[in-house]
Amino acid sequence: MKTKYRILRLLSLFLIGIIVKCKNVENKKGEYNSDMKERELVESRGGVEIKKSDFGKTSDGKIVEKYSVSNASGLEMNVINYGGIITSLKIPDKNGKYEDVVLGLDNIKDYEDGSPYFGAIIGRYGNRIANAKFSLDGKDYKLDANNGPNSLHGGKKGFDKVIWNVEPNSGENEASLKLSYMSPDGEGGFPGNLQITVTYTLNSNNELYVNYEATTDEKTVINLTQHTYFNLTGDFSKKVLDHIVEINADSFLPVNKTLIPTGKLKPVAGTPFDFTEPKTISKGITQENSNEQLNIGGGFDHSWILNKENKEVAFAASAYEPESGRFMEVYTSEPAIQFYTGNFLDGSLPAKGGGEYEKRSGFCMETQHYPDSPNQENFPSTILKPGETYTSETSYKFSVK
Ligand code: BGC
């Protein structure tokens, strides 16, 4: 009996040993499996998921990570930690076909080599500051002049070119990426250590929220925005001219030859800038030669002053692409929107999936404060003081009709 028991005991120990060994092999396989490393699931709840993978390496050797966020209905957005860039956004057309509707580039080198801010977070100051300078409390600040005499989108190395820290999160019906960055005092010429967070949230109603927050330790100026170029056809070889656009604005800011606002607000009524009733982009743009403002911008590249009160979140603009049926609405707490029709795209950049991005193959709807506010006393203030928190919210709602 005793021997029988001993044999059984030895046998079971042997079997346990084999099982543990196999499990270890399995674990090892899981841990080092190349697929797992490439696309790792980091959050999953309800229908939403966030996956993480490597996107590449910057020229100075920093790893660029890509986060793929998807919701229950199948929308998928890819964001990289370089520039907080939305590299792709797949949404359905009226037949349920999912296609990528945002312009972007295939690899990090192309982004570093000269992206026209495709999909990026813009800061410290969205759009232009005249002659790359401003003064605050009698002190002059000299900024990077990276657009003729002016400073554009934060200067030579704006927030579109820095590595952001990314924290993925999932809630009941939403997934979010909280991006943060500390912009040191003097970066781009701006005063104050500025701590920024930008949160992208994709929810089950096919809405993308972008929430901005910032604090400073010294009085400074700030104007953050998001620079995604949309083409709702889902085909980047097509131009955006047939998109039907509405902008909730009765006036816009005319600009000088270097695209700095003259300081005067002009009513849109009776001009190609009137998008209070939806109309195609082409309808306005065909007047490019006869309209001085369109001529200066090479198309639409202006700030529309939204019909809204202070910081309330209100409807800003929409775009409808009749063939695909895709419809996008933009809501914001910001006072203005820069509607830019991809006038400077010139066929020199490789499009995702082949071909090149031609003039007007995308449009931007950049919600923000007015350009050059630090130099224009009559514009709403963009000053941020220590102890205050800068907040801003914009959402994009996608549907079909
Ligand atoms: C500006 C354009 C500029 C573009 C950058 C837009 O926000 O208004 O003038 O060319 O960004 O590609």
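Bear in mind that the values in this text are calculations on the coordinates, not laboratory data. Keep in mind it's a predicted model, so treat the numbers as computed, not measured. Don't worry about glycine lacking a Cβ; one is built from the backbone with ideal geometry, like all the others, and counts go over all protein chains shown.
Taking the mean number of other Cβ atoms within 10 Å as a proxy for protection, how do you rank 227-238, 380-391 from highest to lowest? Intermediate values should be presented prior to the final figure.
Numbers: 227-238: 21.8, 380-391: 13.8.
Per-residue mean Cβ counts within 10 Å order the peptides as 227-238, 380-391.
Pop out the ³J(HN,Hα) list for segment 390-395 in order, Karplus 6.51 cos²θ - 1.76 cosθ + 1.60 with θ = phi - 60°, rounded to Hz; leave Gly and Pro as x.
Here the 3J(HN,Hα) series is 6, 10, 7, 9, 9, 10 Hz.
Tell me, what is the percent relative contact order of the chain, built from C-alpha pairs under 8 Å that lie six or more residues apart? Could you put the intermediate results ahead of the total?
Working: 997 pairs, mean separation 60.8, N = 401.
The normalised contact order for the chain reaches 15 percent.
Once you place label points 7 Å from the Cα toward the Cβ at S282 and K142, how far apart are they in nm?
4.9
If r is the Cβ-Cβ distance from I63 to D185 and R0 is 35 Å, what FRET efficiency results, to the nearest 0.05?
Details: r = 27 Å, r/R0 = 0.76.
Efficiency, from the Cβ-Cβ distance: 0.85.
So which GluC sites (Glu not before Pro) in segment 164-229 pass both tests, a DSSP loop state and at most 16 other Cβ atoms within 10 Å of the Cβ? Before the final figure, lay out the partial values.
Numbers: sites: E172, E174, E187, E207, E213, E218; in loops: E172, E218.
Passing both the DSSP loop test and the Cβ count: E172, E218.
As I understand it, the dipole of segment 228-333 uses +1 on the Cβ of Lys and Arg and -1 on the Cβ of Asp and Glu, about the Cα centre. Which of H302, F327, G263 lies farthest toward its positive end?
Comparing the listed Cα positions along the dipole, G263 ranks first.
At 0.36 nm per residue, and after removing the present C-alpha to C-alpha distance, how many nm does the segment from A314 to K109 gain when stretched out fully?
Working: separation 205, 0.36 × 205 = 73.80 nm, distance 3.77 nm.
So the extension gain works out to 70.0 nm.
Under the 0.36 nm per residue contour assumption, what length would be gained going from the current alpha-carbon distance of S135 and Q195 to full extension?
That pair, S135 and Q195, stretches by 19.5 nm at full extension.
Among H243, I86, S392, which residue has its Cα furthest toward the positive end of the charge dipole of the chain, with +1 on Lys/Arg Cβ and -1 on Asp/Glu Cβ?
So the residue furthest toward the plus end is I86.
For segment 151-266, what's the relative contact order in percent, using C-alpha pairs closer than 8 Å and at least 6 residues apart? Intermediate results must be reported in sequence, preceding the final value.
Values: 146 pairs, mean separation 15.9, N = 116.
Reported as a whole number, the value is 14 percent.
Find how much the distance from D274 to S290 grows on full extension, using 0.36 nm per residue of separation minus their present alpha carbon separation; answer in nm with one decimal.
4.2 nm
Suppose each label sits 7 Å from its Cα in the direction of the beta carbon; what would the S381-T258 distance come out to in nanometres?
2.7
Grab the beta carbon distance between D346 and Y98, set R0 = 22 Å, and tell me the FRET efficiency rounded to 0.05. Let's see the in-between values first.
Details: r = 29 Å, r/R0 = 1.33.
Once rounded, the FRET efficiency stands at 0.15.
Tell me which chymotrypsin sites (Phe, Trp or Tyr not before Pro) from segment 164-217 have a DSSP coil assignment and no more than 11 other beta carbons within 10 Å of their own.
none
May I ask for the distance between the Cα centers of segment 257-274 and segment 335-401, given as a whole number of Å?
A separation of 17 Å, based on Cα centres.
With r defined as the distance between the Cβ atoms of N205 and E167 and R0 fixed at 25 Å, what FRET efficiency is calculated, to the nearest 0.05?
Values: r = 23 Å, r/R0 = 0.91.
The calculated FRET efficiency here is 0.65.
Run the dipole for the chain about the Cα centre, Lys and Arg Cβ at +1, Asp and Glu Cβ at -1, nothing else charged, and hand back the magnitude in debye, nearest 20.
On the way: 46 positive and 54 negative charges, 388 e Å.
The dipole magnitude comes to about 1860 debye.
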